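Novice: Have a look at the structure that comes next, please.
The values are calculated or read from the model by the stated rules, or taken from the named source; none is laboratory data. Here the structure is a predicted model, which is why all the values come from computation and not from measurement. In this analysis, Cβ positions are derived from the backbone assuming ideal geometry, glycine residues included, and neighbour counts consider all displayed protein chains. Surface areas here come from the heavy atoms of the whole protein model, side chains and all, with no ligands, DNA or RNA. Shrake-Rupley method; radii C 1.70, N 1.55, O 1.52, S 1.80 Å.
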Amino acid sequence: LTIEKIVETVFLALMATTFAVLIAVPMSFLGARNIMISHPTTAVIYYSVRTIFNVLRSVEPLIMAILFAVWVGIGPFAGVLALTVHSIAALGKLFSEQVENIDVGPVEAVTATGATPMQVVLFAVVPQVFPQFLALSFYRWDINVRMSTIIGFVGGGGIGFLLQQWINLLQYNQAGTALLAVAVVVTILDMVSAKLRGGIAA
């Protein structure tokens, strides 16, 4: 039962992280000061996106899980939605900070060739931030696996829901097994992400 629920937890966190990355990557460019602040119209977009990031990050995933559990029912779907929304804000902020810290040399070189703003982003910005984006995405997956344990207590599915039942029934041996499974999975994810980051860097 623990293996079944820990697998559910891993994929719950993976789905949330994947959906969040797909949304956070484009939003991060809109929330990067060095790209968006040069024109009044784009500046409005920049401040709007940053406000969205700050508002969503201010709400704890546990609270989001409670709300989504009420809206869509108890289960993994509520957990995925809660983790996705919070991860969009967290990754969007981190990604945008990486974009703001890029080397301006390649940007100026590509711009000098007459490239459009979209081409500048694709060929001068993306290659610089891709390794950092990948590392941050794996780190967020790690966080979401651990966080899904907590949101399971409020109906978010995964190993946390099982852990809550065992604790309430005073079945501490089973609860210890669940906690050990979470620790093992987090350790494995850390090792896998380290290897993948090393391969990308090479």
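Novice: Among Phe138, Phe123, Phe133, which is among the hydrophobic types (A, V, I, L, M, F, W, C), open to solvent by 60 Å² or more (accessible area, probe 1.4 Å) and in contact (Cβ under 8 Å) with a residue 12 or more places away in the chain?
Specialist: Working: Phe138 fails: open to solvent by 60 Å² or more (accessible area, probe 1.4 Å); Phe133 fails: open to solvent by 60 Å² or more (accessible area, probe 1.4 Å).
Only one candidate passes the filter, namely Phe123.
Novice: Can you name the condition, by its number, that Leu179 falls short on among (1) under 30 Å from Leu67 (Cα atoms); (2) of a type outside the set (Asp, Glu); (3) open to solvent by 60 Å² or more (accessible area, probe 1.4 Å); (4) in contact with a helix residue (DSSP H, G or I) (Cβ under 6 Å, 6 or more places away or on another chain)?
Specialist: (4)
Novice: Identify, by number, the condition in (1) free of Cβ contacts under 8 Å to residues at least 12 places away in the same chain; (2) open to solvent by less than 30 Å² (accessible area, probe 1.4 Å) that Asn173 doesn't meet.
Specialist: Of (1) free of Cβ contacts under 8 Å to residues at least 12 places away in the same chain; (2) open to solvent by less than 30 Å² (accessible area, probe 1.4 Å), only one is false for Asn173: (2).
Novice: Keeping to region 80-104, report how many residues are open to solvent by less than 30 Å² (accessible area, probe 1.4 Å), in a helix (DSSP H, G or I) and farther than 17 Å from Trp141 by Cβ.
Specialist: Here is the first cut: in region 80-104, the residues open to solvent by less than 30 Å² (accessible area, probe 1.4 Å) are 80, 82-84, 86-92, 95-96, 99, 102.
Still in the list and also in a helix (DSSP H, G or I): 80, 82-84, 86-92, 95-96, 99.
Retained after the next criterion (residues that are farther than 17 Å from Trp141 by Cβ): 96, 99.
So the answer is 2.
Novice: Only one residue in Phe123, Phe133, Phe138, Phe153 is in contact with an Asp or Glu (Cβ under 9 Å, 6 or more places away or on another chain), among the aromatic types (Phe, Trp, Tyr) and part of a helix (DSSP H, G or I), so which one is that?
Specialist: Numbers: Phe123 fails: in contact with an Asp or Glu (Cβ under 9 Å, 6 or more places away or on another chain); Phe133 fails: in contact with an Asp or Glu (Cβ under 9 Å, 6 or more places away or on another chain); Phe153 fails: in contact with an Asp or Glu (Cβ under 9 Å, 6 or more places away or on another chain).
After ruling out the rest, the residue left standing is Phe138.
Novice: Regarding Phe68, is this residue aromatic (Phe, Trp, Tyr) and open to solvent by less than 40 Å² (accessible area, probe 1.4 Å)? Explain how you work it out, then say what you get.
Specialist: Values: aromatic (Phe, Trp, Tyr): yes; open to solvent by less than 40 Å² (accessible area, probe 1.4 Å): yes.
Yes; evaluated as a whole, the condition is true for this residue.
Novice: Filter region 38-79 down to residues that are more than 30 Å from Val7 (Cα to Cα) and in a loop (DSSP other than H, G, I, E, B) and give me whichever is modelled with the lowest pLDDT.
Specialist: Ser38
Novice: Please specify each residue of region 39-51 satisfying the condition of being open to solvent by less than 80 Å² (accessible area, probe 1.4 Å) and not small (Gly, Ala, Ser). Lay out the reasoning, then the answer.
Specialist: The first filter runs over region 39-51 and keeps only residues open to solvent by less than 80 Å² (accessible area, probe 1.4 Å), leaving 42-43, 45-46, 48-51.
Thr42, Ile45, Tyr46, Val49, Arg50, Thr51 - these are the residues of region 39-51 that are open to solvent by less than 80 Å² (accessible area, probe 1.4 Å) and not small (Gly, Ala, Ser).
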